């Protein structure tokens, strides 16, 4: 059975090409994927991300529980509305999911996770919550719309109440505020500024229409993928999963190894640190002709690696990729594209930051 978001009928009325994405009927594009990509880089685009999981945690021991559950340090979240990107690990340090944690109050937190890991996330969280005074509630009554791009915040400000607009405008990055039934977070998955707004599913169509009337371009999963790859952001299930740890997928910065923290997976990460990691996730820029794609082999010195995500970059008009290759100081590799060994330059993501090419691209 394929799930549908509250905006499914609207996407179809707009002529979207729909696909099964992790068990959800989602828009791939509404016309030109390239135009949708450029709309986000140059003005404002919106995405239906209602398939993402939203889980609220409450209780007297919720902070202690999250300190055990997450690899990052939730104690850093001091002000209500502050958010943090983190990984939830298994005992072997493998990544169950990457999430955003929102601090809503001393006994209230919100987690936003990936759609494809929704069921296993909830099962894991409920299992680990045993023994803690914590209530776990997953929401199926909410929708989420991401509005991204250099004009995104202004476009949103023009359609919400003056009070909501003022509160949203005052938000710093990775923080959120609630007003008029809207949970407005200054977060995103495109490398651009903007908001991810959670609201009652019953209000989703009216809000989407208001954004459409304000000139915000509807965008599908295809543009979301090229945007996040240009921004050097990992995709769960491709660039990371339970076989990888944060240390092998460029997410060491999301881990707090403070001595007093005893989070799930810590022992494995300590052992990895002591032994040294054998592989690394890097960015690649193709120097020859072709398109790098997930699963292609990479020759890196005397070792081998794998392209985890690859695409043609509309912003750079070049082919880029993320790849897992042997650890070490490697400047160039060869990518196997349909039997041809094509040279690629190794760079540190992101490829594009706030719409601007990096690394002289």
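Every read-out reported here was derived from the displayed coordinates using simple, explicitly stated rules and does not represent laboratory data. Remember, it's a predicted structure, so these values are computed and weren't measured experimentally. Glycine also receives a Cβ, built like all others from the backbone with ideal geometry; neighbour counts cover every protein chain displayed.
Quick look at the values:
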{"read-out": "Principal axis dimensions, largest first and in whole angstrom, of region 278-357 by Cα", "value": "35, 26, 18"}
{"read-out": "Over the chain: Rg over Rh, Cα atoms, Kirkwood Rh", "value": "0.96"}
{"read-out": "Rel. contact order, % - alpha carbon contacts under 8 angstrom, at least six apart, the chain", "value": "18 percent"}
{"read-out": "Candidates 176, 210, 166, ranked by Gaussian network fluctuation over the chain, Cα under 10 Å, top entry", "value": "166"}
{"read-out": "The chain: calculated mean residue ellipticity at 222 nm from DSSP helix runs of at least 4, using -39500 (n - 2.57)", "value": "-6000 deg cm²/dmol"}
{"read-out": "Spin-label pair residue 336/residue 253, simplified geometry with 7 Å Cα→Cβ offset, distance in nm", "value": "3.3 nm"}
{"read-out": "Spacing of the two label points (7 Å from each Cα toward its C-beta) at residue 299 and residue 154, in nm", "value": "5.1 nm"}
{"read-out": "Distance from region 125-175 to region 314-342 (C-alpha centre basis), Å", "value": "36 Å"}
{"read-out": "Gained length - residue 213 relative to residue 312, 0.36 nm times residue gap less alpha-carbon distance", "value": "32.6 nm"}
{"read-out": "Extension gain (nm, one decimal) between residue 291 and residue 206, 0.36 nm per residue minus Cα-Cα", "value": "26.7 nm"}
{"read-out": "FRET E, pair residue 120, residue 25, Förster distance 25 Å, beta-carbon r, rounded to 0.05", "value": "0.75"}
{"read-out": "Within region 122-145, backbone nitrogen closer than 12 Å to the virtual label 7 Å beyond the Cα of residue 61 toward Cβ", "value": "128-135"}
{"read-out": "Estimated D of region 287-326 in µm² per second, where Rh is the Kirkwood radius over Cα pairs and Stokes-Einstein applies at 25 °C, 0.890 mPa s", "value": "234 µm²/s"}
{"read-out": "Linear extension gain, residue 277 paired with residue 34, 0.36 nm per residue minus alpha-carbon span", "value": "83.7 nm"}
{"read-out": "Percentage relative contact order, region 278-357, counting C-alpha pairs under 8 Å, at least six apart", "value": "37 percent"}
